[in-house]
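For reference, the structure is listed below as structure tokens.
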Amino acid sequence: MKRVLTFVLCALVLSACGSDNTISDVDSGTTAISGGTARTVGVNSYLWHASLDTLSFMPLASADPFGGVIITDWYSSPQDINERLKVTIYILDRRLRADGIRIAVFRQTRSNEGWVDAAVNAETSVKLEDAILTRARELRLASAGSKS
């Protein structure tokens, strides 16, 4: 009897350790959608991948898929080398929602003293947010279409 009880307890403990790392809720998007294997990220994967796609022209300084923070390095466009931008994206939710993302844009201009902080047009982060949300919806639709 003692052996059976030990076996049952071990089986329960081991079964609690197992996981298939997939979430079937399409709206949450918490299962990574690339790479051919299912990997769970801490935030909405559609917003995550859309953010990386949208900022792909900028060098990344840091990207944390579990905390949902993407930080770019400073970027100067070839058209204006005396201005540079840095973007920080916070993905706040596991669901694909418009309020699930917050963006901070930083701008500097070159002066005689070096790089100086400058004002950022308020619409810059709104336009960037719209572009990311549009791309996230496209990824969600593409993913839903491939599951059919």
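The values are calculated or read from the model by the stated rules, or taken from the named source; none is laboratory data. Given the structure is predicted, the values throughout are model-derived calculations rather than measurements. No Cβ is skipped: glycine too gets one built from the backbone with ideal geometry, and neighbour counts run over all protein chains shown.
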- Query: Within region 109-148, restricting attention to residues that are loosely packed, with under 13 Cβ neighbours inside 10 Å, among the hydrophobic types (A, V, I, L, M, F, W, C) and part of a helix (DSSP H, G or I), which residue is farthest from the chain's Cα centre (by Cα)?
  - Reply: Ala122
- How many residues of region 37-73 are in a strand (DSSP E or B) and either surrounded by fewer than 18 Cβ atoms within 10 Å (Cβ to Cβ) or modelled with pLDDT under 95 (or both)? The answer is 8
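Within region 74-102, how many residues turn out to be within 21 Å of Asn121 (Cβ to Cβ), among the charged types (D, E, K, R) and surrounded by fewer than 15 Cβ atoms within 10 Å (Cβ to Cβ)?
Matching residues across region 74-102 total 2.
Being of a type in the set (A, V, I, L, M, F, W, C) and within 12 Å of the chain's Cα centre (by Cα) is the filter here, so list the residues in region 83-108 that pass it.
The answer is Ile89, Ile91, Leu92, Leu96, Ile101, Ile103.
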- Of all residues in region 74-108, count the ones that are outside any strand (DSSP E or B) and either aliphatic (A, V, I, L, M) or within 21 Å of Arg137 (Cα to Cα) (or both). 9
- Task: Could you please find all residues in region 65-96 being in contact with a Leu (Cβ under 9 Å, 6 or more places away or on another chain), free of Cβ contacts under 8 Å to residues at least 24 places away in the same chain and closer than 14 Å to Ser51 by Cβ?
- Result: Ile70, Ile71, Thr72
